[in-house]
Every structure is written in structure tokens, then in C-alpha cells.
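K.L.:
My questions all concern the structure below.
The values are calculated or read from the model by the stated rules, or taken from the named source; none is laboratory data. Source: prediction; values computed, not measured. All Cβ positions, even for glycine, are placed from backbone atoms using ideal geometry, and neighbour counts span all protein chains on display. The protein model used for the area step is the full one, side chains on, heavy atoms only, and it has no ligands, DNA or RNA in it. Shrake-Rupley method; radii C 1.70, N 1.55, O 1.52, S 1.80 Å.
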Amino acid sequence: MQQLKRIGSSFWYMTPVSETDRPTLGMVVGTEMNLMIDAGNSDAHARLFLEKLGEHNISKPDFVAITHWHWDHIFGMSALKDSLSISSLETKKEINKLTDYEWTDKALDERVKEGTEIEFCATCIKKEYGEERNIQIHLPKLTFDKQLEIDLGDVTCVLKHVGGDHAQDAIVVYIKEEKILFLNDSIYPDIFSSKNNYTSKRTLKLIEELETFDAETYILSHSENMNRNEFLQEIELLKAVGFYTETYEGDAEKIKSEYKQTVNRELNEDELETIEYFINGYEMDKEL
Ligand SMILES: [Zn+2]
């Protein structure tokens with residue numbers, strides 16, 4: 001079940017649902033204005049969040065920040081027409097490409113077949129919407145290039161374009177006074193190519209951006225929150241594997257044995273998967 005949770009005095013969020021790929025939704029509540037983070041994967045998703053917040057007398061958002069173009073973060077925008085939607089320039093460009101699409105089973109299946117959609121998203125869209133599928137794509141109204149700061153009244157949000165392999169248009173939202181960094185999907189791999197992958201170049205650049213924030217809590221869209229230590233461990237893994245992938249030119253055995261020596265124990269599933277994704281990225285880069 002989706003739960004409404006609160007961190008600090010101004011940040012609320014609703015937990016994700018993996019079955020229908022509903023991401024975490026956030027709300028930053030200032031003394032003057034509110035900013036919602038991501039619009040959700042459907043009107044129903046966005047409305048549920050607002051309803052739960054309403055029980056705590058939190059009013060509708062003045063702004064909605066869209067973290068990246070993926071369907072599960074934008075389809076709820078049609079339920080948030082009264083809010084000023086904000087995204088990176090890149091995100092608006094990507095969303096614009098979706099406006100002519102149809103979302104029927106037939107259209108989705110065709111796009112999966114021709115390789116412009118992935119099975120996972122098609123399945124989740126069908127599950128989230130059922131037969132009734134009135135999907136309307138809305139474009140963000142306000143766009144920015146690198147960074148935008150919004151003072152909501154006693155709480156400030158920094159929206160920053162960080163990119164990464166998962167979505168090159170991705171931004172993160174830093175809630176300054178709460179030391180919360182809403183990472184959304186930014187540190188996940190690219191799941192839209194023929195193989196899930198990370199590239200060393202993009203990942204290392206992304207980490208450089210993320211390291212500029214002095215956060216204590218990290219919010220992810222499809223997994224548990226991380227504290228600073230867990231975040232640092234995660235980026236250490238990405239950095240090390242990215243570095244070894246380049247050094248050993250994608251040689252799986254050498255990368256594994258080097259990383260095993262670094263951590264001085266057997267590697268876990270998560271680490272092995274990360275190594276596999278970096279090798280995929282290395283191979284794909286070579287083919288280009
Ligand atoms: Zn995504």
C-alpha cells in the first residue's frame with residue numbers, strides 16, 4: 001500500500017508501487033507555496049497523493065517539477081492543470097516526442113515490436129490504466145537549462161539538470177533547509193536500450209554533479225530512501241566499477257577480481273549486476 005510519509009518540517013512523500021511502476025511522489029510545503037515533485041504515472045496516482053495530503057490540510061501544489069520524461073513521472077500532469085509545471089529544456093523536448101503517440105494495447109505492442117517502447121513500460125501502462133485509457137500528454141510550461149531555485153517560504157528548492165545514463169534530461173531537486181536530495185531515477189541504469197547499461201563517462205559526470213549537494217537523505221523513485229552513508233557506498237561502487245571498466249577495457253573477470261580485492265569479500269548480486277551493466281555500456285559505446 002502507498003504510504004504518506006514526512007521528513008523534517010516541510011517534505012512529504014508517497015511511497016512507490018512496483019507492480020504498476022508508480023514512482024515516489026514528493027511535496028515540499030513552504031509557508032507561502034508548495035512544490036510537487038513528479039506528476040505520477042496517471043491522474044489517479046496524482047489525485048491519491050493530493051487526497052492523502054489534503055487530510056493533513058496541505059493544499060494543492062503551486063508548482064510541479066518534472067524530473068525526467070519517462071511516462072511514470074509525467075502522465076499525472078493532466079490532473080495538475082492548475083499548477084505551473086517546470087522541467088529542464090531537454091525534458092520538454094523529450095515529452096514533445098510522445099504527444100502524437102496512441103496508448104492502446106495495439107499501439108503499445110507495435111512500439112515494443114519496433115523497439116521504440118520497452119515491454120516493461122507497456123505492461124505497467126496496461127496494468128495502471130486497465131481498459132479506460134484516456135492519456136493526455138501535457139508539456140511543461142516553464143523550462144530551464146542548468147539550474148533553477150525556488151523560494152517557497154522558509155524552504156528553498158534547487159532544481160538542477162544532472163543527466164546520467166537513465167535519462168540524459170534528468171534533474172534532481174535539492175531541498176536545502178531539510179538537506180534532502182530527491183534523486184528520482186537519476187542513478188539507475190539506462191533500461192531503454194537493447195541491454196541495461198551504464199557508461200563510465202555519463203555516470204562519473206553524474207556523480208560529480210550529485211557530490212556537490214551536502215545532503216543527508218536521498219530519495220529514489222523506485223526504491224528505499226538512502227542515508228548519506230548508503231549513498232556514498234552506492235556512488236563508490238559506481239565510481240570504482242566505472243573506473244575498472246575503462247582500465248580493463250570491459251574484461252568481466254578482471255573487473256570482478258579487482259573489485260573483489262577492493263572490498264575484500266565475495267561480491268553480492270547488486271555489485272555483479274552493476275558490473276554487467278557497465279560492461280554492456282562499454283560494449284555499446286565501442287559499437288558506435
Ligand atoms: Zn525513469
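K.L.:
What are the residues in region 1-36 that are among the aliphatic types (A, V, I, L, M), out of contact with any helix residue (DSSP H, G or I) (no Cβ under 9 Å at 6 or more places or on another chain) and surrounded by 15 or more Cβ atoms within 10 Å (Cβ to Cβ), if any?
P.N.:
Listed by number, the residues that qualify are MET33, LEU35.
K.L.:
Let me ask you something else. Which numbered condition in (1) within 20 Å of the chain's Cα centre (by Cα); (2) away from the ligand (no atom under 16 Å from the Cβ) is the only one that ASN134 fails?
P.N.:
So the condition that ASN134 fails would be (1).
K.L.:
Continuing with the same structure: Out of everything in region 145-168 that is in a strand (DSSP E or B) and more than 17 Å from THR212 (Cβ to Cβ), what residue ends up being farthest from the ligand (Cβ to nearest atom)?
P.N.:
Within region 145-168, the match that is farthest from the ligand (Cβ to nearest atom) is ASP151.
K.L.:
Got a number for residues in region 185-236 being exposed (fewer than 15 other Cβ atoms within 10 Å of the Cβ), assigned to a strand (DSSP E or B) and aliphatic (A, V, I, L, M)?
P.N.:
Of the residues in region 185-236, 0 are exposed (fewer than 15 other Cβ atoms within 10 Å of the Cβ), assigned to a strand (DSSP E or B) and aliphatic (A, V, I, L, M).
K.L.:
Being closer than 23 Å to ILE7 by Cβ and within 16 Å of the ligand (Cβ to nearest atom) narrows it down to one of GLY54, GLY30, GLY26, so name that one. Before the answer, list the steps.
P.N.:
Working: GLY54 fails: within 16 Å of the ligand (Cβ to nearest atom); GLY30 fails: within 16 Å of the ligand (Cβ to nearest atom).
Residue meeting the stated conditions: GLY26.
K.L.:
Right, next: Among the listed residues ILE219, ILE235, ILE255, identify the single one that is within 16 Å of the ligand (Cβ to nearest atom) and either at pLDDT 95 or above or closer than 30 Å to GLU19 by Cα (or both). Let's see the steps before the verdict.
P.N.:
Values: ILE235 fails: within 16 Å of the ligand (Cβ to nearest atom); ILE255 fails: within 16 Å of the ligand (Cβ to nearest atom).
Answer to the selection: ILE219.
K.L.:
Output the number of residues of region 169-184 satisfying the condition of being closer than 20 Å to ASN225 by Cα, assigned to a loop (DSSP other than H, G, I, E, B) and within 15 Å of the ligand (Cβ to nearest atom).
P.N.:
First, pick out the residues of region 169-184 that are closer than 20 Å to ASN225 by Cα: 170-184.
So of that shortlist, the ones also assigned to a loop (DSSP other than H, G, I, E, B) come out as 170, 179.
Next cut, within 15 Å of the ligand (Cβ to nearest atom) only: 170.
Total meeting the criteria: 1.
K.L.:
If I go through region 124-139 residue by residue, how many of them are open to solvent by 50 Å² or more (accessible area, probe 1.4 Å) and not in a loop (DSSP other than H, G, I, E, B)?
P.N.:
Initially, region 124-139 is screened for residues open to solvent by 50 Å² or more (accessible area, probe 1.4 Å), giving 126-127, 131-134, 136, 139.
Keeping just the survivors that are not in a loop (DSSP other than H, G, I, E, B) gives 126-127.
Of the residues in region 124-139, 2 are open to solvent by 50 Å² or more (accessible area, probe 1.4 Å) and not in a loop (DSSP other than H, G, I, E, B).
K.L.:
Also, I was wondering about something else. Considering only strands (runs of 3 or more DSSP E) fully contained in region 1-68, which possess at least 2 residues that are under 18 Å from the mean Cα position of the chain (by Cα)?
P.N.:
The strands (runs of 3 or more DSSP E) meeting that bar are 11-14, 25-29, 34-37, 63-65.
K.L.:
Follow-up. Every residue in region 59-68 that is of a type outside the set (Asp, Glu) and away from the ligand (no atom under 12 Å from the Cβ), please.
P.N.:
If the condition is that a residue be of a type outside the set (Asp, Glu) and away from the ligand (no atom under 12 Å from the Cβ), then SER59, LYS60, PRO61, PHE63, VAL64, ALA65 are the ones that fit.
K.L.:
For ASP105, are the conditions met, namely being modelled with pLDDT of 95 or more and among the acidic types (Asp, Glu)?
P.N.:
yes
K.L.:
Let me ask something else about it. Which one of the conditions (1) of a type in the set (A, V, I, L, M); (2) closer than 17 Å to ILE74 by Cβ; (3) within 16 Å of the ligand (Cβ to nearest atom) does LEU206 fail to meet, given that it meets all the rest?
P.N.:
Against the list (1) of a type in the set (A, V, I, L, M); (2) closer than 17 Å to ILE74 by Cβ; (3) within 16 Å of the ligand (Cβ to nearest atom), LEU206 comes up short only on (2).
K.L.:
May I pose another question? Could you list all residues from region 85-111 that are aliphatic (A, V, I, L, M) and open to solvent by 40 Å² or more (accessible area, probe 1.4 Å)?
P.N.:
The answer is LEU89, and nothing else.
K.L.:
Look at region 69-91 and say how many of its residues are in contact with a strand residue (DSSP E or B) (Cβ under 9 Å, 6 or more places away or on another chain), within 16 Å of the ligand (Cβ to nearest atom) and assigned to a helix (DSSP H, G or I).
P.N.:
Residues in region 69-91 being in contact with a strand residue (DSSP E or B) (Cβ under 9 Å, 6 or more places away or on another chain), within 16 Å of the ligand (Cβ to nearest atom) and assigned to a helix (DSSP H, G or I): 7 in total.
K.L.:
Need pairs with beta-carbon distance below 6 Å; first residue under 24 Å from VAL112 (Cβ atoms) and within region 180-207, second open to solvent by 40 Å² or more (accessible area, probe 1.4 Å) and at pLDDT 95 or above; sequence gap 6+ or separate chains.
P.N.:
Pairs found: PRO189/ASN196.
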